[in-house]
There are 2 protein chains.
Amino acid sequence: MPEPISFTVHNTSGNARTGRVETLHGGFDTPAFMPVGTRGTVKGIFPHHVRTTGAQILLNNTYHLMLRPGSKLIQELGGVHKFMNWDGPILTDSGGYQAYSMADLNAIDEDGVSFKSILDGSTIRLTPEIAIQVQNELGPDIIMAFDDCPPSVDPDAGPTNQVRIKQAAMRDSKKKQGYDHNARLEIANERTVRWLERCKAAHANPDTQALFGIIQGGTDFERREWCLERICNIDLPGYAIGGVAVGETSDDIARVVRHTAPKMPAHKPRYLMGVGYDRDITAAVLSGIDMFDCVLPTRNGRNANAFTADPTTDGQLRLRNAKFAKDESPIELGCDCPACDPASHAWGTYDGRPFSRAYIRHLFVAGEMLGPILVTLHNLRFFQRLMEDLRHAINTEEWGEFKIKRPSLAPIVDRALLEQSPSV
Amino acid sequence: MPEPISFTVHNTSGNARTGRVETLHGGFDTPAFMPVGTRGTVKGIFPHHVRTTGAQILLNNTYHLMLRPGSKLIQELGGVHKFMNWDGPILTDSGGYQAYSMADLNAIDEDGVSFKSILDGSTIRLTPEIAIQVQNELGPDIIMAFDDCPPSVDPDAGPTNQVRIKQAAMRDSKKKQGYDHNARLEIANERTVRWLERCKAAHANPDTQALFGIIQGGTDFERREWCLERICNIDLPGYAIGGVAVGETSDDIARVVRHTAPKMPAHKPRYLMGVGYDRDITAAVLSGIDMFDCVLPTRNGRNANAFTADPTTDGQLRLRNAKFAKDESPIELGCDCPACDPASHAWGTYDGRPFSRAYIRHLFVAGEMLGPILVTLHNLRFFQRLMEDLRHAINTEEWGEFKIKRPSLAPIVDRALLEQSPSV
């Protein structure tokens, strides 16, 4: 049987590795960062420009596309690649995470989840079978299993973020009395394994679309290992770590990934879902993760928050700030994105100067679209430059250069190298 | 004394002519269409892409830039070209039109106009001297006189558009009793001449910025001629027809322009302000107009209305319409814009397919920025293709080809050629 994807590891440095995944729509170098194109578009950016930032694979959200314009329509129009004019690899999530975190959840049971559409309030049903069918219709190269993704932190245990508030409210309305976080995690963990079996059985295109299993288990090592063993026992082209970055600290994320990633099959791509900041990505790459996605570059870009490698700005510039009103410098010196260096050969024949922080601030203050576009492109390039630097450091095993270039990430590298040192 | 611009007529066809204007920031071919970059940006579009649509000169609105970020700030940052990263020619209007049409007008007197800022309600003063000073600070290549622009149609005479409603309301609050439209037009006309003298006297950079005078006079030929004679008697590098497209019909616009344009100095550029649809532009070019600006391509683009040369769609496609939900065709076959033909050599190395009407409709329905971006680019290219076709027809005196390509404009061409025929 033909394989929908292939994966080759090129080099390793400790647990970190570089490699390449080939799909029927071309390949991508790993470790890879996937920009999020929620509704079949990376907000405000031409597909061509997304590619020019260095992105080789995109993520689309099944939840959003199934509600609008609908997966059958996209199938009729030739699939999601053709629909959105991106002929490179595409990965879709299963819709489960958004169903849990965004929707009013009506019911979760052993068969699946019912929730209200955010568009018109109608009731939508997602089961493992439906989630796979929808992804088969959308037609991406990599599809994700439909899993049960509970909050990683007990909603009663302290301050909550938006996801947890929603999930807590959902449970509150059903069965506030008697909610047992540990019991919920156990059920979710076991259900995720049963649902993966159903996903695999329902998958209609195993020759052309690679189904990835998702390892749940929260922040508890024992539960993670229990799940990892069972998920990875189901033969699939790739595996993901799910249920992180849903409310824990960076330290907790790193701890779980450090424990889990090296135990995942070495000859298959390892994907850490929904992560994250440069520090989280760097720690995860050093633990052996190959694929990432996150809304940070695009969402923060739309809000005038620009990522930089400059530790004096604490990593992010808030470009609405009045202190930038007369600032003629680009977002980040040395960056080759279309905002910072439009003349760079990477952007074609354009001979323009850098867009100044003063101008970008003006665009945001005036509510002009070009502001979000410029900072989104900068941030996308920032994340791809991080991946390029990480791949270079792994390939050359030269982490000193990486640490000099990105001093704020040096402690993360040092810690990983120390732990992985054979002499310790 | 060095001239801020030069103008050469290359060819004529009847009253129509092709030529080239050279400025200190490069030149542009005439007849020229100037996209509107209201707040120092053509909404959602990279300056590089605006240029690639064929635009060679942009218009910025003084009114918006003086309020935010302020002309002194832009001057401090090196002027509007550097600020917005457009190194080609730029024209600014005087701010007068927006002061009349957008703001709550507090007072108009012989010295100038006071109005409330749309941003914070503070009182702003515009006089001929201030309008020129602000444009001197902004630093465009062509600046416009501050004129008195009354409604062309008596607000009491029938249905009103937004501009006239505002102006009528303003007058109502001051002196509803005794408003005499004809008297108002007379005053405006005479005042416009007096204000132009003051503009010229106040102009600090006549070597580097070309001041254009504006001919007012409404739809009355006698009043137009009175104004034309006096305005063109003041020696300036160019002249404009103002006070059209403020509520009249297309026929009225064409009639006024046909009467006025040929009487304007032949060796200087003639600019018709705020016009318009392809039919209005074509009629005006055939009357001898060289320069145009209009918000139609950008504003309609943001609202999913795409211009096409296809008479079966009545010139515009409303791409939100459900009938486009499964339409795989591009906006317009044969168009080489980045939406219709991303692979065109004009757009660099991108090898993408056309964006389908179905996808563009999805983007608008989902509220995605890429929708307005794609249709704006298409419309900008549509207007530039019109100008290219007009220049080609004038240069070759071959209007048959033009009429076949744009059948809806054929009657306009026929009428102009008939009127200008020496044998008639």
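Quick notes on this one:
- Here the dipole of the protein assembly as shown is about 1080 debye; that uses its Cα centre as origin and unit charges on the Cβ of Lys and Arg (positive) and Asp and Glu (negative).
- Here the dipole of region A:249-336 is about 340 debye; that uses its Cα centre as origin and unit charges on the Cβ of Lys and Arg (positive) and Asp and Glu (negative).
- Rounded, prolate or oblate (a/c below 1.5 giving rounded, otherwise prolate when a/b exceeds b/c) for chain B by Cα gyration tensor: rounded
- Here the 3J(HN,Hα) profile of region B:303-317, calculated from phi with Karplus coefficients 6.51, -1.76 and 1.60 at θ = phi - 60°, is 9, 6, 9, 9, 7, 9, 8, 7, x, 6, 9, 6, x, 10, 9 Hz, Gly and Pro shown as x.
- A point 7 Å from Cα along Cα→Cβ stands in for B:Glu22, and the other copies hold the same point at 5.7 nm, listed in rising order.
- Considering only alpha-carbon pairs that sit under 8 angstrom and 6 or more positions apart, the relative contact order computed for region A:177-277 is 25 percent.
- With at most 13 other Cβ atoms within 10 Å, longest stretch of chain B clear of loop GluC sites (Glu not before Pro) (DSSP): B:111-396
- Size descriptors for region A:57-135: radius of gyration and Dmax over Cα atoms are 12.9, 38 Å.
- Listed pairs B:Lys82/B:Lys403; A:Lys323/B:Lys82; B:Lys200/B:Lys263; A:Lys82/A:Lys268 exceeding 31 Å between Cα atoms: B:Lys82/B:Lys403
- In terms of its C-alpha gyration tensor, region B:179-299 comes out oblate, because a/c is 1.5 or above while a/b does not outweigh b/c.
- 7 Å along Cα→Cβ, label-point gaps from A:Tyr277 to other copies, nm, shortest first: 5.7
- Degrees separating the helix B:181-202 axis from the principal Cα axis of chain B, which is the longest one: 90
- Interchain or long-range residues, amide H under 5 Å from B:Leu211's placed H: B:Ile143
- Length-normalised contact order for region A:19-65 - Cα pairs under 8 Å, 6+ apart - percent: 40
- Listed residue (A:Thr249, A:Gly217, A:Cys227) projecting farthest to the positive dipole end of region A:216-283, Cβ model: A:Cys227
- Across region A:344-413, Cα pairs under 8 Å and at least six residues apart give a relative contact order of 12 percent.
- Within 10 Å of the Cβ of each residue in A:78-88, the mean number of Cβ atoms contributed by other protein chains is 3.
- Alpha-carbon centroids, region A:262-280 and region A:57-96: separation in whole Å: 23
- Where only DSSP H runs of four or more residues are counted, the protein assembly as shown gives -12000 deg cm²/dmol as its mean residue ellipticity at 222 nm, each run worth -39500 (n - 2.57).
- Toward the positive end of the charge dipole of chain B, with +1 on the Cβ of Lys and Arg and -1 on the Cβ of Asp and Glu, the farthest Cα among B:Leu185, B:His10, B:Gln384 is that of B:Gln384.
- Rounded accessible area per residue of region B:255-349, 1.4 Å, Å²: 39
- Cα-based helix-to-principal-axis angle, B:221-232 vs chain B, degrees rounded to 10: 80
- Average beta carbon contacts from partner chains per residue of B:359-367, 10 Å cutoff: 5
- Partner chain coverage, peptide A:42-51 - average Cβ within 10 angstrom: 5
- Degrees separating the helix A:370-396 axis from the principal Cα axis of chain A, which is the longest one: 80
- The charge dipole of chain A, taken about its Cα centre with unit charges on the Cβ of Lys, Arg, Asp and Glu (plus for the first two, minus for the last two), comes to roughly 980 debye.
- Comment: the Cα-to-Cβ extended label point of A:Arg353, at 7 Å, lies 4.2 nm from its counterparts in the other copies, nearest first.
The values are calculated or read from the model by the stated rules, or taken from the named source; none is laboratory data. Computed from a predicted model, the values in this text were never measured in an experiment. So basically every Cβ, Gly included, is an ideal-geometry build from the backbone, and we count neighbours across all protein chains shown. Please note that ligands, DNA and RNA were not included when accessible areas were found on the heavy atoms of the full protein model with its side chains. Shrake-Rupley method; radii C 1.70, N 1.55, O 1.52, S 1.80 Å.
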